[in-house]
Amino acid sequence: MKAWVLHNIGNIRLEEVPMPEIGENEVLVKVKAAGICGSDIPRIYTSGAYFYPLITGHEFSGQVEAAGKNADEKWIGKHVGVFPLIPCRDCVPCKNKQFEMCKKYSYLGSRRNGGFAEYVAVPKRNLIELPDNVSFEEAAMLEPMSVAVHAIRRVKPIAEETVVVCGLGTIGMLVVMFLIEKGIKNILVIGNKNFQYETVLKLGIKRENFCDIRTTDTDKWLDEKTSGNGAHVFFECVGKNDTINQAVNNTVAGGRIMLIGNPYGDVELDKATYWKILRNQLIVMGSWNSSFSEDNNDDCHYVLRKLKEGKIRPGEFISHKFDIEKLEKGLKIMRDKSESFLKIMVTT
């Protein structure tokens, strides 16, 4: 089969490799669509992987073509999305069905071979069957959508609260989409690109509720928009010192800060900012990954219901589509920021 194989930092090549061998509790998925995640870029070009050679890619969907001995053959032919985290099911979080906090997890696309290939071996318990009206491309976005939903469900915003979303990459945009679907009325968004502005307008954000940091004093803007009180909920989707400090300085006393952005480097708080957390009794939360517990109440099934009902439109975030042979072009667009992009999708 064809697969993009990472041999070392910066050394990724399209190659012919052996088909995956599936275990008795696994199925063979023919990949139909795979999204490039922001985390794929440092893994491939700067920070590296846990081992080499590795097939990266953890946002993907496809069709089941074969089943292992203990994997029900009913899966064969099914269209599926895939939850990429493979929990140990033995540690304390796993015993509590908090699989996203597993202490000894594996992961498709980083700790074992993933979806930048024609076929992937996937544990049967990581499959989610797709309704007929959900496309492979939408299903390849189940993972980032579930990440956004997980953060929202943890912080529990309500309709009358003022909610800020800082950082409008894929996750930030998805947070905005799900907040609107949830009925949050007063959403303030902070970005730095023209296409971000155009996209949030299409989602339903008012023009005056977009702050362009290139031309606007963000702290002053937030102060004016919240009448000097700050936001009730602040989603930090960047992962930088200045935006984390900004979240603390612009959240109402007793408010909630949700940290989602992967850190660019070490994060430090100055003394004044730390005092604000204490004196304003702020609730600062972190969120990572999403819940998938094989029941209808987890994040993945929540997203799937919204897709089935037609209440969300993730396909509008797909800015680029490439055949698998041109995956590297998509990687370099994201690495070099040579073009405006939101979600880059690869199809096989």
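The Rg/Rh ratio of the stretch 113-156, with Rg taken over Cα atoms and Rh as the Kirkwood radius over Cα pairs, comes to 1.03. Pull out a ≥ b ≥ c, the square roots of the eigenvalues of the alpha-carbon gyration tensor of the stretch 73-124, then state rounded if a/c is under 1.5, prolate if not and a/b is larger than b/c, and oblate in the remaining case. The shape class here is oblate. Computed with every protein chain present, the accessible area of TYR274 is close to 120 Å² [probe 1.4 Å]. Sorted largest first by accessible area at a 1.4 angstrom probe radius, with every protein chain in place, the residues HIS301, HIS58 fall in the order HIS301, HIS58. Centre-to-centre, using Cα atoms only, the stretch 153-174 and the stretch 225-287 are separated by 13 Å.
Per residue, the solvent-accessible area of the stretch 206-348 (1.4 Å probe, heavy atoms of protein chains only, all protein chains present) comes to 54 Å².
Heavy-atom accessible area per residue, the stretch 137-190, 1.4 Å probe: how many Å²? Walk me through the intermediate numbers first.
Values: 1410 Å² over 54 residues.
Per-residue accessible area for the stretch 137-190 comes out at 26 Å².
Residue ranking by accessible heavy-atom surface, 1.4 Å probe, largest first, among VAL200, VAL252 comes out as VAL252, VAL200.
Cα-based Rg of the chain per 2.2 N^0.38 Å, rounded to two decimals? Don't skip to the end; give the middle numbers.
On the way: Rg = 20.4 Å, N = 348, 2.2 N^0.38 = 20.3 Å.
Working it through for the chain, the quotient is 1.00.
Which of these, CYS211, CYS91, CYS237, has the largest mean-square fluctuation under a Gaussian network model of the chain (Cα springs below 10 Å)? Most flexible of the set in this elastic network: CYS91. Just read off the accessible area of LEU278 with the full protein assembly in place, 1.4 Å probe, to the nearest 10 Å². LEU278 exposes around 80 Å² with every protein chain in place. Annotation: lysines with alpha-carbon distance below 20 angstrom to LYS337 (same-chain offsets under eight excluded): LYS193, LYS240, LYS321, LYS326, LYS329. Pairs with C-alpha atoms separated by more than 19 Å, drawn from the list LYS97/LYS343; LYS156/LYS185; LYS182/LYS311, are LYS97/LYS343. Proximity of backbone amide H atoms, modeled 1.01 Å from N, is registered between ASP298 and SER293 at under 5 Å, excluding neighbours fewer than 5 places apart on the same chain. Surface calculation, 1.4 Å probe, protein heavy atoms: LYS337 sits at approximately 140 Å² accessible.
Report, to the nearest whole %, how much of the accessible area of the chain belongs to carbon and sulfur atoms, 1.4 Å probe, protein only. Each step should come with its number before you reach the end.
Details: 7470 of 16000 Å².
For the chain, the apolar C and S fraction of the accessible surface comes to 47 percent.
Looking only at SER61, SER291, SER338, which one moves most when the chain is put into a Gaussian network model with springs between Cα atoms under 10 Å? Comparing SER61, SER291, SER338 in a Gaussian network model of the chain, the most mobile one is SER338. Rounded to two decimals, the Cα-based Rg/Rh of the stretch 107-224, with Kirkwood Rh, is 1.06.
From the C-alpha coordinates alone, can you work out the Kirkwood hydrodynamic radius of the stretch 1-43, in Å? Numbers along the way, then the final one.
Details: mean 1/r = 0.0790 Å⁻¹.
Answer for the stretch 1-43: a Kirkwood hydrodynamic radius of 12.7 Å.
Scattering from the C-alpha atoms of the stretch 1-130 alone, worked out with Debye: what is log10 I(q)/I(0) at q = 0.15, 0.18, 0.21 1/Å? Scattering profile of the stretch 1-130, log10 relative to I(0): -0.70, -0.99, -1.24. Straight-line reach from LYS69: which aspartates and glutamates have a Cα under 18 Å away, not including same-chain ones fewer than 8 places off? Here the aspartates and glutamates satisfying the reach criterion relative to LYS69 are GLU21, GLU24, GLU26.
Computed 3J(HN,Hα) for the stretch 153-162, one whole-Hz value per residue from the Karplus formula 6.51 cos²θ - 1.76 cosθ + 1.60 where θ = phi - 60°, is 5, 6, 8, 6, x, 10, 3, 7, 7, 8, glycine and proline marked x. Could I have the simple spin-label model distance between GLN98 and THR347, label points 7 Å from Cα toward Cβ, reported in nm to one decimal? Going by the 7 Å Cα→Cβ label model, 4.1 nm. The stretch between ARG89 and ASN192, if pulled fully straight at 0.36 nm per residue, gains 32.9 nm over its current Cα-Cα span. Legend: residues VAL92, VAL122, sorted from most to least accessible area (1.4 Å probe; ligands, DNA and RNA excluded), read VAL92, VAL122. Label-to-label distance for ARG313 and ARG279 is 4.6 nm, based on points extended 7 Å past Cα in the beta-carbon direction.
Summed over the residues of the stretch 19-126 and divided among them, the accessible surface reaches 43 Å² per residue at a probe radius of 1.4 Å.
The values are calculated or read from the model by the stated rules, or taken from the named source; none is laboratory data. As the structure is a prediction and not an experimental result, all values here were calculated from the model. As a convention, Cβ positions derive from the backbone with ideal geometry for all residues, glycine included, and neighbour counts pool all protein chains shown. Only protein heavy atoms, including side chains, enter the accessible area calculation; ligands, DNA and RNA are left aside. Shrake-Rupley method; radii C 1.70, N 1.55, O 1.52, S 1.80 Å.
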